[in-house]
Amino acid sequence: MIDPYKTLGVAREADGAAIKSAYRTRAKTSHPDAGGDVDAFSKLTACYELLLDPVRRKIYDDTGYDPQLTDAKDLEGMLVLDALVNEIILDERQPGSFDPVAAMRRKLTDQVVNTRFHILELERHRGRIRNHMDRMGRRPDSDVLGRMLSARCNAIADAIGKAEAEIEIIEQAYTMLEGYSYELDLETPKAAE
């Protein structure tokens, strides 16, 4: 994730005038017409636009993310975490009585395990289909059954690819939880009477 404050070289409290001034200064050297890199200049411009837009800036300040600057994997990871955060909000247990961060990590781990199991099942089915295809005699003029079975193998391959992409997203969400901890309330033992 790009930090717009660092990119422009301004403090978090910078006002519009300071942001414009910093943008103009950096644009002079990073503009493609001045020998700068096109990608770097577009990122600089995106950061400038974010910091000048009060709504986007507030969202960025509150969450650390902006849809236009965030990597697609980060956004997908955020969507996974958002569902887990909703579960925490709806959990009726008392704050401090359970560790919601650890619960999110467990759920993400369970999702990865379940998705990997699903992939194994899909691969098993694809192997069976291929085995049938290898054993089936083909008609010389048209191989209708062979094409149908081949189409099923391709559909399974697509499903495996989607499941593998889902694992990457879940792992990205898990990575986004790094560095978080949660303080639990420790019950004090009752004094012996």
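The values are calculated or read from the model by the stated rules, or taken from the named source; none is laboratory data. These figures come from a predicted structure and were not determined experimentally. Cβ atoms come from the backbone with ideal geometry, glycine included; neighbour counts cover every protein chain shown. To get the accessible areas, we keep the full protein, side chains included, count just its heavy atoms, and leave off ligands, DNA and RNA. Shrake-Rupley method; radii C 1.70, N 1.55, O 1.52, S 1.80 Å.
The table that follows gives values for the structure above.
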{"item": "Matching residues in the stretch 75-96 - criterion: being β-branched (Val, Ile, Thr) and loosely packed, with under 11 Cβ neighbours inside 10 Å", "result": "Ile89"}
{"item": "Qualifying positions in the stretch 20-66 - under 29 Å from Ile169 (Cβ atoms), of a type outside the set (Val, Ile, Thr) and open to solvent by 90 Å² or more (accessible area, probe 1.4 Å)", "result": "Asp39, Lys43, Glu49, Lys58, Asp62"}
{"item": "Selection count where residues are open to solvent by 100 Å² or more (accessible area, probe 1.4 Å) and either part of a helix (DSSP H, G or I) or hydrophobic (A, V, I, L, M, F, W, C) (or both), scope the stretch 127-139", "result": "5"}
{"item": "Residue match in the stretch 23-38 (condition: touching a residue at least 12 places away in the same chain (Cβ under 8 Å), among the hydrophobic types (A, V, I, L, M, F, W, C) and closer than 25 Å to Lys162 by Cα)", "result": "no"}
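Yes/no per residue for (1) over 30 Å from Ile2 (Cβ atoms); (2) of a type in the set (S, T, N, Q); (3) in a helix (DSSP H, G or I):
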{"residue": "Gln68", "(1), (2), (3)": "no, yes, no"}
{"residue": "Lys73", "(1), (2), (3)": "no, no, yes"}
{"residue": "Ile89", "(1), (2), (3)": "no, no, yes"}
{"residue": "Gln94", "(1), (2), (3)": "yes, yes, no"}
{"residue": "Asn114", "(1), (2), (3)": "yes, yes, yes"}
{"residue": "His125", "(1), (2), (3)": "yes, no, yes"}
{"residue": "Asp141", "(1), (2), (3)": "yes, no, no"}
{"residue": "Ala151", "(1), (2), (3)": "yes, no, yes"}
{"residue": "Ala155", "(1), (2), (3)": "yes, no, yes"}
